[in-house]
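So the structure is just underneath, and the comments pick up after that.
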Amino acid sequence: MRGYVFALFAVVVWSAMPAEARVYCPLPEDGVWVNPDAEAKEITRIEVETTCIDDTVQARIRAFTSCIPRDCKWGWTKAEMREGGGFRVELIGFLGAKVISVRSFGDILDTHVIDIAHDPEIPMRETTFNLRRK
């Protein structure tokens with residue numbers, strides 16, 4: 001009888017948890033996304049990895065930009081969840097930084113990129129790309 005009461009109590013408590021407390025992985029942004037039409041210095045590929053640990057999302061993002069002779073890799077960087085959905089990551093490089101915000105819409109990854117040069121003479125540049133799931 002005690003076991004039955006405990007099981008019933010556990011089910012009631014679990015179902016009363018708010019929906020935002022439960023996280024389901026992988027998230028829609030998880031995977032490899034490509035931009036086949038990328039021009040020089042533009043985003044060619046983004047890789048997103050998400051894992052859920054104790055109802056919290058752990059995410060990291062790696063970005064690639066079009067370079068010659070092969071794409072430049074921006075290494076894995078921890079990503080933060082955005083309040084409206086998706087992720088944001090800051091990639092710091094030698095000559096500049098990129099702030100990338102991503103959000104999935106089906107098989108399209110809406111990618112907003114802010115390029116910030118370390119040289120104050122070079123203006124900040126904002127671009128948006130729609131990457132496709134690979």
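What follows is calculated from the coordinates using simple rules that are stated; it is not laboratory data. Just so you know, these numbers come straight off a predicted model, no measurement behind them.
How big, in percent, is the set of alpha carbon pairs in segment 23-133 lying more than 18 Å apart?
Considering segment 23-133, 47 percent of its Cα-Cα pairs are separated by more than 18 Å.
Report the extension gain between residue 77 and residue 127 in nm, rounded to one decimal, defined as 0.36 nm multiplied by the number of residues separating them, less their alpha carbon distance.
Stretched out fully, the residue 77 to residue 127 stretch lengthens by 16.0 nm.
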